[in-house]
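What follows is a short report on a single structure.
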Amino acid sequence: MHTLNPVYTALPTTIFEYMSGLARAHGAINLGQGFPDAPPPAALSAAVTRAMAERSQHYPPMAGVPELRDAVAAFYQRRQGLDLTRDHVIVTSGATEAIAAAVLAVISPGDEVLLFQPAYDAYAPLVRRVGAVPVFVPLRPPHWGYDRDAIAAAITPRTRAMMVNDPLNPTGTVMDAGHRAMLAKIAVAHDLFVICDEVWETVRFDGAVHASLLAEPGMAGRTVKIGSAGKIFGATGWKVGWMIAAPDVAGVLAKAHQFLTFTTPPMLQWAVAEGLADDALIDGQVADWTATRAVLNDGLAALGFAVLPGVATWFSCIDLAASGIDLDDRTVAERLVREAGVASIPLSALWEGDDAPRHILRLCHAKPAAMLQDALGRIARWRDSLI
């Protein structure tokens with residue numbers, strides 16, 4: 001009898017799927033997996049409906065429809081001051097596919113890749129799947145800053161690349177200018193590629209404009225910047241993402257992409273192109289999430305929970321120990337969903353090794369206010385039952 005690939009039989013189910021499965025099984029409020037319950041903006045839904053009726057539903061160009069590639073380039077010129085053309089842009093079926101294509105294009109067997117923990121759980125498996133070795137550099141709470149000495153100690157002659165997530169999921173923190181310049185100098189000094197997962201670039205609550213490592217001196221030819229329409233518009237099921245890189249690098253990224261999903265539904269691409277041209281639409285999404293974020297964060301604080309600093313993403317993190325809960329994050333996550341009917345994500349699940357912080361829980365705030373109020377009540381009652 002043939003055996004299945006041991007690389008995949010040994011992999012655990014992603015924590016997001018696991019917690020969402022528990023949420024469904026227990027009829028729980030799902031504040032674990034990150035998605036808004038509301039539909040995408042009506043203008044975006046109308047655009048895709050119109051595109052389905054009036055335009056092609058067949059294979060689009062492999063690199064993406066020209067309208068979306070132009071719209072992505074214009075979006076970054078307008079919002080972040082990046083000088084791009086469509087030749088810098090490869091459209092993918094979501095950001096995770098973009099990450100996979102970037103890993104395939106940039107990294108070879110035997111290479112080492114720096115990953116900063118906590119990290120989105122797809123990074124390390126994708127690095128290992130190409131025969132490379134993930135090398136983990138920890139970021140420490142509460143500010144999750146990048147430590148020059150720790151990075152320097154992790155670099156060897158085999159180090160080929162680093163993967164950077166900014167703003168950072170799951171902590172909601174944003175890299176400051178000093179750390180951004182430091183990482184760029186390290187990349188240039190050691191001739192490293194940097195895969196920048198910047199999907200949360202517009203989901204910020206500090207009023208600041210996102211700045212990319214791509215714009216740092218020496219980084220234009222060694223950076224792959226990844227973006228996501230799902231995060232910008234709250235349309236996670238659409239799975240429309242993109243990779244940004246120098247045209248010669250983008251051409252290689254496209255060759256990896258062509259043997260993954262090859263193309264992304266053109267109707268969705270045309271709709272996203274329209275949406276990216278509408279700053280009011282994008283800013284309105286952030287305003288809505290700002291309001292629901294306040295409901296969760298203010299509610300948690302009023303209940304005596306210690307909310308960690310964060311200015312971006314759909315997530316808020318609470319320090320369980322500082323909140324008077326003497327249980328580890330995995331135990332709390334399991335018990336909360338089973339006993340209180342609220343799903344969350346234990347931060348230690350996004351960490352490899354024995355040095356993970358085990359006292360931090362991630363909650364999604366991009367939910368209707370009434371749902372968040374209900375969840376807060378359930379969490380409070382559960383905590384009171386522990387006393």
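Bear in mind these aren't lab numbers, they're just calculated from the coordinates by the rules spelled out. Predicted model, so just to flag it, every value in this text is computed and none were measured. Heads up, the Cβs are rebuilt from the backbone with ideal geometry, glycines too, and the neighbour counts pull from every protein chain shown.
Hey, got the dipole for the chain? About the Cα centre, +1 on K and R Cβ, -1 on D and E Cβ, debye to the nearest 20?
Values: 31 positive and 39 negative charges, 97 e Å.
Approximately 460 debye in magnitude.
Structure remark: mean-square fluctuation, Gaussian network model of the chain, C-alpha springs under 10 Å; the largest value among Thr92, Thr261, Thr292 belongs to Thr261. Derived scalar couplings between HN and Hα for region 125-131 equal x, 5, 4, 5, 5, 8, x Hz in order, rounded to whole Hz, by the Karplus curve 6.51 cos²θ - 1.76 cosθ + 1.60 (θ = phi - 60°), x for Gly and Pro.
Along the positive direction of the dipole of region 178-283 (beta-carbon charges: Lys, Arg +1; Asp, Glu -1; about the Cα centre), which of Ala220, Val203, Ala187 reaches farthest? Ranked along the dipole, the leading option is Ala187. When +1 charges are put on Lys and Arg Cβ atoms and -1 charges on Asp and Glu Cβ atoms, the dipole computed for region 142-181 relative to its Cα centre reaches about 220 debye.
Sorting His190, His257, His359 by the number of Cβ atoms found within 10 Å of their own Cβ, with the fewest placed first, yields His190, His359, His257. Both radii are taken from the alpha-carbon atoms of region 253-387; with Rh as the Kirkwood radius, Rg/Rh is 1.09.
Here the spin labels are modelled as points 7 Å beyond Cα on the Cα-Cβ line, and at Ala277 and Glu334 they lie 5.3 nm apart. Close amide H contacts of His359 (hydrogens built in the peptide plane, cut-off under 5 Å, sequence separation of 5 or more or a different chain): Asp329.
In whole percents, the pair-distance distribution calculated for region 22-94 from its alpha-carbon pairs, binned every 10 Å from zero, is 15, 29, 32, 18, 6. Counting other Cβ atoms within 10 Å as a rough exposure proxy, the listed residues Cys317, Cys196 run Cys196, Cys317 from fewest neighbours to most.
Report the gain in length on full extension from Ser385 to Asp87: 0.36 nm times residue separation, minus Cα-Cα distance, nm rounded to one decimal.
Numbers: separation 298, 0.36 × 298 = 107.28 nm, distance 5.82 nm.
The Ser385-Asp87 span can extend by a further 101.5 nm.
Give the average over all directions of the projected area of the C-alpha convex hull of the chain, one decimal, in nm². All intermediate terms of the calculation are to be shown ahead of the outcome.
Values: hull surface 80.1 nm².
So the mean shadow area of the Cα hull is 20.0 nm².
Each residue of region 315-325 was assigned a 3J(HN,Hα) from its phi angle through the Karplus expression (A = 6.51, B = -1.76, C = 1.60, θ = phi - 60°), giving 10, 10, 10, 10, 8, 5, 4, 5, 8, x, 10 Hz with x at Gly and Pro.
Using a Förster distance of 22 Å, how high is the FRET efficiency between Ala46 and Arg78, based on the Cβ-Cβ distance and rounded to 0.05? Spell out each step's value before the answer.
Values: r = 23 Å, r/R0 = 1.03.
The value I calculate is 0.45.
Amide hydrogen proximity for Asp121: with H placed 1.01 Å from N in the peptide plane, no residue at 5 or more positions away or on another chain lies under 5 Å.
In Å, what Kirkwood hydrodynamic radius results for region 204-268 from the alpha-carbon pair distances?
For region 204-268, the Kirkwood estimate is 13.7 Å.
Summarising the strand pairing of the chain, around 50 percent of its internal DSSP beta bridges are antiparallel. Straightening the chain between Arg148 and Asp191 buys 13.8 nm, computed as 0.36 nm per residue apart minus the Cα-Cα spacing. Packing-based ranking of 16-24, 282-290 yields 16-24, 282-290, ordered from highest to lowest mean Cβ neighbour count within 10 Å. In this simple spin-label approximation, Ala322 and Ala38 carry label points 7 Å from Cα along the Cα→Cβ vector, and these lie 2.9 nm apart.
Label separation (Arg24 vs Arg140): 4.1 nm, computed from points 7 Å beyond Cα along the C-beta direction. Across region 174-187, computed HN-Hα scalar couplings (Karplus, 6.51 cos²θ - 1.76 cosθ + 1.60, θ = phi - 60°) run 10, 5, 8, 4, x, 5, 4, 5, 4, 5, 5, 5, 5, 4 Hz from first to last residue, x flagging Gly and Pro. Taking the Cα centre of region 1-158 as reference, the dipole from Cβ charges on Lys and Arg (+1) and Asp and Glu (-1) amounts to some 100 debye.
Along each principal axis, taking the top coordinate minus the bottom one, the Cα set of region 12-147 gives 48, 43, 31 Å in descending order. Residues whose amide H lies under 5 Å from that of Ala343, counting only those 5 or more places away or on a different chain, are Ile29, Asn30, Leu31, Gly32; hydrogens are built 1.01 Å from N in the peptide plane.
Here the calculated FRET efficiency for Ala369 and Thr156, from their Cβ-Cβ distance with R0 = 41 Å, stands at 0.25, rounded to the nearest 0.05.
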